[in-house]
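First the structure, in the form of structure tokens, and then the observations on it.
The values are calculated or read from the model by the stated rules, or taken from the named source; none is laboratory data. None of these values were measured; they are calculated from a predicted model. When we count neighbours, we look across all protein chains shown, and the Cβ atoms used for this are built from the backbone with ideal geometry, even at glycine. Please note that ligands, DNA and RNA were not included when accessible areas were found on the heavy atoms of the full protein model with its side chains. Shrake-Rupley method; radii C 1.70, N 1.55, O 1.52, S 1.80 Å.
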Amino acid sequence: MKSVFNTPPPKFSKEEASQIANDLFDIDIYTHDLVSDRDQNFLCISGKKKYILKISNPAEKHLVLEMQNETLLNIFLKNTSLRYYR
């Protein structure tokens, strides 16, 4: 049975991640790998702004991804200190 626990995470290079961010969001960034056990995450830096690019595991259920996105949005909206880059 296919699951996120037996499906390898994505394996994009930092250059490919930079290109994805540029193609999707029209930003030029520098990327750093972040640790993840079932996805692939990058810290993306553009000038003084920082972003996270998450490339989900192909076996991840869409509802789980929606829940993660809604959770992050809720935290962002409730904690104003997260709106500012340090």
Seminar exercise, completed: Summing -39500 (n - 2.57) over every DSSP H run of at least 4 residues in the chain and dividing by its residue count gives a helix-only mean residue ellipticity at 222 nm, to the nearest 500 deg cm²/dmol, of -11000 deg cm²/dmol
Exercise. Within the chain, which chymotrypsin sites (Phe, Trp or Tyr not before Pro) sit in a loop by DSSP and count at most 14 neighbouring Cβ atoms inside 10 Å?
Worked result: F5, Y84, Y85
Seminar exercise, completed: Carbon plus sulfur, as percent of the 1.4 Å-probe accessible area of the chain, comes to 58 percent
Exercise. By a straight-distance test (C-alpha under 21 Å), which lysines pair with K54 as possible cross-link partners, with residues fewer than eight away in the same chain excluded?
Worked result: K2, K11, K14
Problem set entry | Relative contact order, percent, the chain [alpha-carbon distance under 8 Å, six or more residues apart] | 26 percent
Problem set entry | Accessible area expressed per residue, the chain, with surrounding protein chains retained (probe 1.4 Å, Å²) | 79 Å²
Exercise. Can you give the convex hull volume per residue for the Cα atoms of the chain, as a whole number of Å³?
Worked result: 108 Å³
